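Engineer: First the structure, which I've put down as C-alpha cells, then a few questions once you've had a look.
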Number of protein chains: 2
Amino acid sequence: MVSDIIRTMKVSELGEFGLIDRLAEMVGHSQSRQKSPLIIGIGDDTAAWQGDSSVQLATVDSLVESVHFTLDTASYEEVGWKSLAVNLSDIAAMGGQPEYALVSLGLPGDTNIEDITDLYRGMLALAEQFQVRIIGGNVVSAPQLVINVTVFGSAISRDSLLTRSTARPGDRVAVTGPLGAAAAGVEMLGKGLEFEPEVVVALRNALLRPLPRIAEGQLLVEHDVRAAIDISDGLIADLDHICQASRVGARIEADRVPVALPVQASFGERALGLALAGGEDYELLFTASADRVEKVRKAATCPICAIGEVVIDDKHRVMLVDSQGSPVSPSGKGWDHFRVERGRR
Amino acid sequence: MVSDIIRTMKVSELGEFGLIDRLAEMVGHSQSRQKSPLIIGIGDDTAAWQGDSSVQLATVDSLVESVHFTLDTASYEEVGWKSLAVNLSDIAAMGGQPEYALVSLGLPGDTNIEDITDLYRGMLALAEQFQVRIIGGNVVSAPQLVINVTVFGSAISRDSLLTRSTARPGDRVAVTGPLGAAAAGVEMLGKGLEFEPEVVVALRNALLRPLPRIAEGQLLVEHDVRAAIDISDGLIADLDHICQASRVGARIEADRVPVALPVQASFGERALGLALAGGEDYELLFTASADRVEKVRKAATCPICAIGEVVIDDKHRVMLVDSQGSPVSPSGKGWDHFRVERGRR
C-alpha cells in the first residue's frame, strides 16, 4: 500500500498533503468493504454522509501554540475566535450550515483560568454570530496550548455540495473577497512592522478574526455552483487542490487577482505574492460558468472577482499569466505545514 | 459568571473537572437563548442531539505524547488503537452505536512516515472490528505527537440514552468487568516491573488495547438501564461523576469490587487500590434496580458484578465500606489530568 521508499521518509520530506494522500489510500483500502451512506471521505473541505433527510457534514482542525500562533502577538480571545473560524470556513466551502462544535483543549497546568475563559469568550462570540452551539469537548494536559475544534453541520442534499472535484474546463475561476491581508498580518506581527492604524487593525483582524463565508457558500449553492474550496493554504495552492481533484488545469490572470487594499498600501511590490501564496484568507475560491459567476456577483454582498478559467491540462497545472496570456512565475506554492520557510502566527 | 478568585487561579489549582464546570457554565450562559434540538451538552460521556429519526452522538478525546503515553513503552500501533478506543468507549457509555471518526494529528516534522502508518494500522484494526469509518481529519505540525479523535454515532431515541444524571436511590451499582489492569499496566511499564509472561501481556493489553464495551452498552439499553458512565478516571472518581450529576450518594462494598486476576497476582495488597482509583479500564459502570442488574448479568457475555448501591445523601458522596458496612478509606480519588501524582502512559 505504501512503498518502501515512502516508509523510510520523514513527515517533513513527504509534506502534509503527501502524508494525507498516503493515509487516505490506507484507510480506503482497509475500509472498502464497509457499506455506509458516506458521500465524501478524506480529501475535501469536510466529510459528508447522508442523514435521514439532510446531508451531515463534519470537519476538524487544530491550532498549536508556537506553530500556528504565538501568544506574544495574539490574545487568547483572538486564538479562540480563529480556532472556531477555520472550521466554520470548511463548512462554508461545502455550502453547508454549521450547527454544533466540540472543543478539545490541551493546556499546560500553569495556564491562568482567566486566559482560558478569554479563549472561550472569543469562540462564543463567533459561535453566537453564526448560531453554532458548543456542545462538549474535553481538556487534557499538554506542554503547550493546543486547540482542536470539530464542527458538525448540514447541507440540503448531496447534489448541492460544493466539492473540489467538480470543476470543468470552460468554467471561470472566482473568489469571494480580497486576498493577502492575513499573510500580511503574519509578517507585520512576526517582524514587528509598523503601519498606519487602519492598516494595522485590518491586517490583524484578517489574520486573527477571519469571518467565515457561510452565507456566501450557501449563495453559491443557490446559484448552482458545484466546485469550491476555502482559501487556507493560499490561492495558488488551494486552486491546485481543485485542479488535482477535478483533473483539470487552471489559468489565473495575475492582474485580476484582488489584492486587499491594506496590503497594497503597505507591502508594495510584494503584495501580489502575498495574495497568491499567503494563505489563511478564508475566502471562497470557486469555479462555474461565466453566467453563474455573474449572477453570484450581482446577488452577493461581498466582492466577487473572476480571476481566470479552468482549462484542459493533463498535468493539472495552475498557470499564472499576465494580461497578454504570457506565463508569470508565482512566488510560492502556498502553505505546507511541514515545509515552511517563513513564520506563521 | 466566573468569580474573581477563580479567574486568577491556575489550571493545575482548579483541576480538569473544575475548569470544565466553569466553561460549561460560561457556554450555557452565552448560548441559552439559542433554540436547538440539543439533548445533552457539556457534562456527559458524549453530546447528543435529536436527528431526523435517531439521536446523534459526538465525542472527542486527545492523547498527548509524554502526558498520556510515551513511545518508549507504547508502539505507534498501540497508541493508534487506544486513541480511537477511548472515544468508542464514550459512545458505549451512552448505549450508542459508533459510526464515523475524524482524526486530527499533531506531528513533529521528523516523524517517520512508517510510524504514522503504524498508528493508522492500529486505529483501523479497531475501526474494522466495530464497523467504524474514518472519514477525515487533518495533520498539523506540533512539537510532540498529539492525536485527537472525534467519533460520531447514534442512539435509538433520547429515552434510551445512558446518562450520568439518572441514578436513583435504591439502584444497585454494577460494573461490566474486572478492574485495575490498565493502572497496573501503567506501573509495570513506567517502573519496568517484571512479571510472568501472561501477566505482562494482560496488563499491557488492558492499558494499550482496551476493548470498548459497545455491545454491553446496548445491552444495558435493552434492559431499560438508564444511568451509566465508562471508567476512564477510576471507579471511585467516575461513580462520583454519577453521584454529582444525579444528586445522590453511593456506597461501594470493597470486597465486591472485581479486581482483575493479573493485578491480584502481581500487586498483592495494592491491587484493590488500583481497581478503585486507577482508571483507564474502559469498563462500564451503571446503576439500575437489582432485578435489572440480574437480567443484564444473565444476558451479558462479560462478567457483571453488583458492587454497591445508590443512596440518599445530600453531600453526594461515594462511600467505601467493608462487608460489615464500616467505612474504609479509599486510596485515591482517581485521575485528574492536572493533579497527577503518578505517571500515566
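Each reported figure results from applying straightforward, stated rules to the coordinates on display, with no laboratory input. On a predicted model such as this, the values are computed, not experimentally measured, just so you know. Cβ: placed from backbone, ideal geometry, glycine included. Neighbour counts: every protein chain shown.
Engineer: Would you mind ranking B:ASP281, B:ASP159 so that the residue whose beta carbon has the fewest other beta carbons within 10 Å leads the list?
Structural biologist: Numbers: B:ASP281 31, B:ASP159 10.
In order of increasing Cβ crowding within 10 Å: B:ASP159, B:ASP281.
Engineer: For region B:144-165 and region A:183-250, what is the centre-to-centre distance using only Cα atoms, to the nearest Å?
Structural biologist: Rounded to whole Å, the Cα centres lie 33 Å apart.
Engineer: Suppose you put the label 7 Å out from Cα in the Cβ direction; list, shortest first and in nm with one decimal, how far A:GLY268 is from each other copy's label.
Structural biologist: Taking the point 7 Å beyond Cα along Cα→Cβ, the inter-copy spacings are 7.8 nm.
Engineer: Each residue of region B:17-25 in turn: what ³J(HN,Hα) in whole Hz from Karplus with 6.51, -1.76, 1.60 and θ = phi - 60°, glycine and Pro shown as x?
Structural biologist: Values per residue, Gly and Pro as x: 5, x, 5, 4, 4, 4, 5, 4, 4 Hz.
Engineer: Pairs B:LYS82/B:LYS191; A:LYS82/B:LYS315; B:LYS10/B:LYS315; A:LYS82/B:LYS10: which are spaced more than 29 Å apart, C-alpha to C-alpha?
Structural biologist: Pairs exceeding the cut-off: A:LYS82/B:LYS315.
Engineer: Here's a follow-up. Calculate how many DSSP beta bridges within chain A are antiparallel, expressed in % of all such bridges and rounded to the nearest 5. If you can, show how the numbers build up before the last one.
Structural biologist: Numbers: 42 of 57 bridges.
Within chain A, antiparallel bridges account for around 75 percent of the total.
Engineer: No solvent, one uniform scatterer per C-alpha: report log10 I(q)/I(0) for the protein assembly as shown via the Debye equation at q = 0.05, 0.11, 0.12 1/Å, two decimals.
Structural biologist: Summing over Cα pairs of the protein assembly as shown leads to -0.24, -1.11, -1.29.
Engineer: To make sure I understand, if each residue's beta carbon is the centre and we count other beta carbons within 10 Å, what order do A:HIS316, A:HIS241 fall in, fewest to most?
Structural biologist: Details: A:HIS316 15, A:HIS241 21.
Lowest count first: A:HIS316, A:HIS241.
Engineer: Cut-off 14 Å, label point 7 angstrom out along Cα-to-Cβ of B:LEU261: give me the residues of region B:175-189 whose amide nitrogen falls inside.
Structural biologist: Residues B:178-179 fall inside that zone.
Engineer: Just to check I understand the Karplus step: with θ = phi - 60° and J = 6.51 cos²θ - 1.76 cosθ + 1.60, what whole-Hz values come out for region A:236-250, glycine and proline as x?
Structural biologist: 5, 5, 6, 5, 4, 4, 4, 4, 5, 5, 8, 6, 9, x, 8
Engineer: Roughly what % of DSSP beta bridges within the protein assembly as shown run antiparallel, to the nearest 5? Intermediate values should be presented prior to the final figure.
Structural biologist: Details: 86 of 116 bridges.
Expressed as a percentage, antiparallel bridges in the protein assembly as shown total about 75.
Engineer: Same structure again: Provide the net charge surrounding B:ASP291, with neighbours chosen by a C-beta distance below 15 Å and charges set as Lys +1, Arg +1, Asp -1, Glu -1. Don't skip to the answer; put the middle values down first.
Structural biologist: On the way: positive: B:ARG168, B:ARG172, B:ARG226, B:ARG292, B:LYS295, B:ARG297, B:LYS298; negative: B:ASP171, B:GLU222, B:ASP224, B:GLU294, B:GLU309.
Neighbour charge sum, excluding B:ASP291 itself: +2.
Engineer: A follow-up question, please. Taking a label point 7 Å from Cα toward Cβ, how far is A:GLU194 from its twins in the other copies, in nm, shortest first?
Structural biologist: Label-point distances to the other copies, shortest first: 6.8 nm.
Engineer: A further question on this structure: Can you tally the net charge around A:ASP313? Count Lys and Arg as +1, Asp and Glu as -1, for every other residue whose Cβ sits under 11 Å from the Cβ of A:ASP313. Show your work: numbers first, answer last.
Structural biologist: Details: positive: A:ARG247, A:ARG251, A:LYS315, A:ARG317; negative: A:ASP314.
After counting each charged neighbour, the total is +3.
Engineer: For the residues B:MET319, B:MET94, what sequence is obtained by ranking on other C-beta atoms within 10 Å, fewest first?
Structural biologist: Final ranking by Cβ density, sparse to dense: B:MET319, B:MET94.
Engineer: Next question, about the same structure. Mind checking the dipole of the protein assembly as shown: about its Cα centre, +1 per Lys or Arg Cβ, -1 per Asp or Glu Cβ, Debye to the nearest 20? Present the calculation step by step, with values, prior to reporting the outcome.
Structural biologist: Numbers: 64 positive and 94 negative charges, 190 e Å.
Rounded to the nearest 20 debye, it is 920 debye.
Engineer: Would you mind counting up the charge near B:SER266? Only other residues with Cβ under 14 Å from its Cβ, with Lys and Arg at +1 and Asp and Glu at -1. Working shown, then result.
Structural biologist: Values: positive: B:LYS191, B:ARG204, B:ARG270; negative: B:GLU187, B:GLU194, B:GLU196, B:GLU198, B:GLU269.
Summing Lys and Arg as +1 and Asp and Glu as -1 gives -2.
Engineer: Take the Cα of B:GLU198, step 7 Å along the line toward its Cβ, and report every residue of region B:235-259 whose backbone nitrogen sits under 20 Å from that point.
Structural biologist: Taking a point 7 Å out along Cα→Cβ of B:GLU198, the residues of region B:235-259 whose backbone N falls under 20 Å are B:258-259.
Engineer: When only Cα pairs under 8 Å and 6 or more residues apart are kept, what is the percent relative contact order across chain A?
Structural biologist: Values: 772 pairs, mean separation 74.7, N = 345.
Once divided by the residue count of chain A, the mean separation gives 22 percent.
Engineer: Calculate one ³J(HN,Hα) per residue across region A:60-77 by plugging θ = phi - 60° into the Karplus curve 6.51 cos²θ - 1.76 cosθ + 1.60, and present them in order as whole Hz with x for glycine and proline.
Structural biologist: 9, 8, 10, 10, 10, 4, 6, 10, 9, 7, 10, 6, 5, 10, 10, 7, 4, 4
Engineer: May I ask what percent, to the nearest 5, of DSSP beta bridges between residues of region A:89-202 are antiparallel?
Structural biologist: Details: 9 of 17 bridges.
The antiparallel fraction comes to roughly 55 percent.
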